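Here's the structure, in structure tokens; my notes come after.
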Amino acid sequence: MKLASPPLNLLPNKRLAELTTLGIGGIARFYVEVKTIEALRSALLLSKELKMPFFILGKGSNCLFDDRGFNGCVIHNKIDFIQPSGDGIYSVGAGYSFSLLGVQTARQGWSGLEFASGIPASVGGALFMNAGANGAETKDPLLSLDFMDEEGKLHTYLKNDLEFRYRHSSLQHLKGAIASATFSLTPSIAARGKQLEIVHYRQKTQPYGDKSAGCIFKNPLDTSAGRLIDACGLKGFRIGGAEVSKLHANFLINAASATAEDFQKLIAEVQKKVREETGILLENEVRIIPYDISS
Ligand code: EPU
């Protein structure tokens, strides 16, 4: 007998500032948390039925929402199961904490995801962006993932079915949501030590306690965006409540009730100054989500 899935708790008028690490964003027309694959299917089908645009939210760490909010449904992916099979194969829900996965796997003596510890993303968000650090990327230990399309149909993709490059995946061109992923790790007694070293470096060089979206710009080929912005003398430069971090210049922080408009202006100003001084146009890593994505 097939059990009916529980009804969705669709909430109107959710403040997006509460859901993003930047603490910025107006009101989402609708918001729903999904904790199971069935609930994800129901949410996607509901959006389709209502002809309403949807946005899949992970940990809200790489998003800049509009001050007006989002004219559609924000589907918060909280599918957070973890299934280790004992031989370094881990299957996890897309809503699982990527950082926690990095810590747990290293603690258990598995290498491949040490770099994830300290990255404030969900597993789905990390795959979508092909997040990376310390010379490693999310795609490296990936075996396969399950992706649900807008019709609620699940597709299993092996790593080679997808395209990954620096901070980019072909998942960004698909409509639907990542449901889960399977990683394959290798045994290593050095994994925990390496993971602790990575966290230590991050804590020393990145503004942990501040509200940020991680690195705002992608690194240009062969150089670091942070180093370029720093060399232009922009650390501490501020527009409204948005400020270039004094610790790491590729982090723009919400220093005092910043608005999305402050951030957009600061991003544009930093791009302009770096271009004038170096000829390099910095490309956004942060995803800027317009109020209306249907038009
Ligand atoms: N640097 C400066 N000034 C700054 C920042 C950096 O001179 O304000 C210099 C550093 O001293 C170092 C070099 O630039 O010599 C590189 O800095 P860092 O090691 O911090 O690395 P990054 O290139 O700035 C990248 C990733 C980070 C990741 C770190 C550590 C990108 C855009 N950034 O930063 O990822 O955590 O390496 O591996 O690829 C992110 O993607 O959101 C992110 C934070």
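Any read-out appearing in this document is the output of simple, stated calculations on the displayed coordinates, not a laboratory observation. Here the structure is a predicted model, which means the values were calculated and not measured. Here the Cβ positions follow ideal geometry from the backbone for every residue, glycine too, while neighbour counts run over all protein chains shown.
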Counting Lys +1, Arg +1, Asp -1, Glu -1, what net charge surrounds Thr105 among other residues with beta carbon under 12 Å of its beta carbon?
+2
From the Cα centre of the range 95-165 to that of the range 221-249, the distance in Å is 28
Placed amide H near Ser169: partners under 5 Å, 5+ positions off or other chain:
none
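For the range 168-254, what does the alpha-carbon gyration tensor say about shape, rounded, prolate or oblate, given a ≥ b ≥ c as the root eigenvalues, a/c under 1.5 as rounded, and a/b over b/c as prolate?
Oblate, because a/c is 1.5 or more while a/b does not exceed b/c.
Quick check: from the Cα gyration tensor, does the chain come out rounded (a/c under 1.5), prolate or oblate? Please list the in-between numbers first.
Numbers: a/c = 1.92, a/b = 1.16, b/c = 1.66.
Taking the square roots of the gyration eigenvalues as a ≥ b ≥ c, the chain is oblate.
Taking the beta-carbon count within 10 Å as an exposure proxy, list Val270, Val286, Val123 from fewest neighbours to most. If you can, show how the numbers build up before the last one.
Working: Val270 24, Val286 21, Val123 32.
Fewest to most other Cβ atoms nearby, the residues stand as Val286, Val270, Val123.
Does the range 234-295 come out rounded, prolate or oblate, given a ≥ b ≥ c as the square roots of the eigenvalues of its C-alpha gyration tensor, rounded meaning a/c under 1.5 and, failing that, prolate meaning a/b above b/c?
Oblate, because a/c is 1.5 or more while a/b does not exceed b/c.
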Which value in deg cm²/dmol, rounded to the nearest 500, describes the helix-derived mean residue ellipticity at 222 nm for the chain, given -39,500 (n - 2.57) per DSSP H run of n ≥ 4 and division by the residue count?
-7500 deg cm²/dmol
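If you add up the charges near Gly240, with Lys and Arg at +1 and Asp and Glu at -1, over every other residue whose beta carbon is less than 12 angstrom from its beta carbon, what do you get? Before the final figure, lay out the partial values.
Details: positive: Arg238, Lys265; negative: Asp67, Glu243, Glu261, Asp262, Glu269.
Neighbour charge sum, excluding Gly240 itself: -3.
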